[in-house]
Amino acid sequence: MKKESASELFAGDDDWHNNACLNEWLHDYGATYAAGYRRAAELLIEHIDTKGRDQDVLVYPVVFLYRHHVELALKRIITLCLLQINDPDIKGPKAVHDLNVLWDHARKLVRKVDPSFPRANHSNTDAVIKELIAIDSGSTAFRYDRTREGEPSLTGISHINTRLFGEKMKAACYELDCMDSYIAESYSLFLDMMSDSRYRP
């Protein structure tokens, strides 16, 4: 098989089952990125649970991967909402990692798209985001062992049960999935309407 890239690091090879496809048949890259981080966290938790080892080192990528999934999921929801609202005066947050800011924007924009969207179906997400913010507001605590000031990143925490963490994240991610699916379907209907000449200005 002829390699497609001049790079030896980022290239395909003869063992096709190991060749990850980028920029070919997938169109919704935002959803793909988010799904990848979440799936990686799930696989690491499964490894810890079934093998009974590596929890002390894998806990850091597990938490970071799940947290990053939530961040990307919220940013995708915000983007889909803004595309439907199509109002230059309504903007999303600037490039931030603050889940509290992103979550607040996402909920407000979803209700802007559809005021009837239920308010009471994201209690798990609320709880998870509050806890993530309390421990890792800047998305760095599980990536770096020290803060910029040189202090330990995770003071006050002695144990994290990865199975329990995964169960709580799964419940929150389900709620985000429902919100994402709802807004994605709404966007699809919006595009259909815009393509219909009867609705064109």
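Observations on the model:
- Just one of the listed residues (ILE160, ILE133, ILE129) is more than 16 Å from CYS81 (Cβ to Cβ), out of contact with any His (no Cβ under 9 Å at 6 or more places or on another chain), outside any helix (DSSP H, G or I) and in contact (Cβ under 8 Å) with a residue 24 or more places away in the chain, and it is ILE160.
- For the range 170-197, a residue qualifies if it is closer than 15 Å to LEU74 by Cβ and more than 14 Å from the chain's Cα centre (by Cα), and the qualifying residues are TYR182, ILE183, ALA184.
- Of the residues making up the range 94-123, those that are part of a loop (DSSP other than H, G, I, E, B) and in contact (Cβ under 8 Å) with a residue 24 or more places away in the chain are HIS97, ASP98, ASP114, PHE117, ASN121, HIS122.
- In the range 40-79, residue nearest to the chain's Cα centre (by Cα) [restricted to those that are hydrophobic (A, V, I, L, M, F, W, C) and farther than 24 Å from GLY138 by Cβ]: LEU43
- Cβ-Cβ distances below 7 Å connect the following pairs, each with a first residue in the range 176-187 that is in contact (Cβ under 8 Å) with a residue 40 or more places away in the chain, a second residue that is of a type in the set (Gly, Ala, Ser) and surrounded by 14 or more Cβ atoms within 10 Å (Cβ to Cβ), and a separation of six or more residues or different chains: LEU176/ALA73; ASP180/ALA73.
- For the range 53-93, filtering for residues that are assigned to a helix (DSSP H, G or I) and of a type in the set (Lys, Arg) leaves 3.
Since every read-out is calculated from the coordinates, none of them should be taken as a lab result. Computed from a predicted structure; not experimentally measured. In this analysis, Cβ positions are derived from the backbone assuming ideal geometry, glycine residues included, and neighbour counts consider all displayed protein chains.
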